[in-house]
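Taking it in order: structure first as structure tokens, then the write-up.
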Amino acid sequence: AATQPLALSARPDHVLARQDGPSSLQEIARYPLALLPAGTGARQRVALAEQAEGIVLTPRLITSSLEMLRQFVRDGHGLTFLPAFAINAESAAGTLVALPVRSAILASTQSQVVTRLGRALPAAAVELLRFLVREMRAFRR
């Protein structure tokens, strides 16, 4: 497991990208949002943050496609919540930025690789797990 805060993904020219410091959920609620569906871990974290802040975020788009979320933001339709590693390519290209959110719940979100205890993984799965731990920024310490 590695702590991977859920960040606010925005275009670099978005007003929230130009402000100093983290954005609050109250500020974010003023803009159109695209969110993952309710059954996902990331959406559950957003729901917990909403509860803690007494805010309801109303998404304009709900999709399980990370590419659709990135496209929604890239095309200037609004914002989304993703861990920074989910927009590495866009950040490197300068098309999206990962902004901090003023929320202890979103800041403490973790990415995890889950395996069944006691189950011997096939060789290909072991190699994939080694690759994830070795190569993905999300799991580097």
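Every number in this text was worked out from the coordinates using simple rules, so none of it is lab data. As the structure is a prediction and not an experimental result, all values here were calculated from the model. When we count neighbours, we look across all protein chains shown, and the Cβ atoms used for this are built from the backbone with ideal geometry, even at glycine.
What to note about this one:
- Electrostatic bookkeeping for ARG11 treats Lys and Arg as +1 and Asp and Glu as -1; over the other residues with beta carbon under 10 Å from its beta carbon, the sum is -2.
- For the options ALA93, ALA17, ALA125, a Gaussian network treatment of the chain with springs between C-alpha atoms closer than 10 Å singles out ALA125 as fluctuating the most.
- The coefficient of translational diffusion for the chain, derived via Stokes-Einstein from the alpha carbon Kirkwood radius under 20 °C and 1.002 mPa s, stands at 134 µm²/s.
- Percent antiparallel among DSSP beta bridges (both partners in the range 5-85, rounded to 5): 50 percent
- Charge dipole (the range 22-141, unit charges on Cβ, about Cα centre) - positive-most of VAL56, GLY76, ALA123: ALA123
- Fraction of beta bridges assigned by DSSP in the chain that are antiparallel (%, nearest 5): 65 percent
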